[in-house]
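Step one of this worksheet: look at the structure below.
Please treat every number below as a calculation from the coordinates, not as lab data. Please read these numbers as outputs of a predicted model, since none were measured by experiment. Because the Cβ atoms are built from the backbone with ideal geometry, glycine has one as well, and the counts that use them run over all protein chains shown.
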Amino acid sequence: MKPDDKDKLNKCIEILDTTDLGLSLVWLWTWSTIAQILDDDSYTSSVTLDEVWEPLCRAVDDGLGFSLENGAEQHLEEVLGWMTGNKWIVKTEFD
């Protein structure tokens, strides 16, 4: 870690504390996971990151909940399942 990383983390906390997200760390991780999936060449996507925001908000309002309780791998699987279920991504097949 770098000395200024602490200050960057404090800034992140300050920003997250101003959101209306109940479990802001979970949603930060979820948003980061979605961005990573969309940038991953292993998947072909039919949406942009910005286009996912409103459906994510609606899904959360309707009771969708992601968790970090079972670790990063489980979280990734849940997000992949949600995105695949919405037909936004498909696994790219390499020949």
(message) Given points 7 Å out from each Cα along the Cα-Cβ axis, report the THR92 to ILE13 separation in nanometres with one decimal.
(response) 3.8 nm
(message) Springs between alpha-carbon pairs under 10 angstrom, Gaussian network model over the chain: which of THR30, THR19, THR84 fluctuates most?
(response) THR19
(request) Report, in deg cm²/dmol and to the nearest 500, the calculated mean residue ellipticity at 222 nm for the chain, where each DSSP H run with n ≥ 4 adds -39500 (n - 2.57) and the sum is divided by the residue count. (result) -18500 deg cm²/dmol
(request) Quick one: which residues, 5+ away or cross-chain, put their amide H under 5 Å from the amide H of ASN86? H built at 1.01 Å from N. (result) none
(request) Sticking with the crude label model, points 7 Å out along Cα→Cβ, report the distance from VAL47 to LEU25 in nm, one decimal please. (result) 2.6 nm
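Please identify every one of the chymotrypsin sites (Phe, Trp or Tyr not before Pro) in the stretch 13-95 that sits in a loop by DSSP and has no more than 14 other beta carbons within 10 Å of its own beta carbon. Please list the in-between numbers first.
Values: sites: TRP27, TRP29, TRP31, TYR43, TRP53, PHE66, TRP82, TRP88, PHE94; in loops: PHE66, TRP88, PHE94.
Qualifying residues, ordered by number: PHE94.
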(message) Are there any GluC sites (Glu not before Pro) in the stretch 6-95 that are in a DSSP loop and have at most 13 other Cβ atoms within 10 Å? List them by number.
(response) GLU69, GLU93
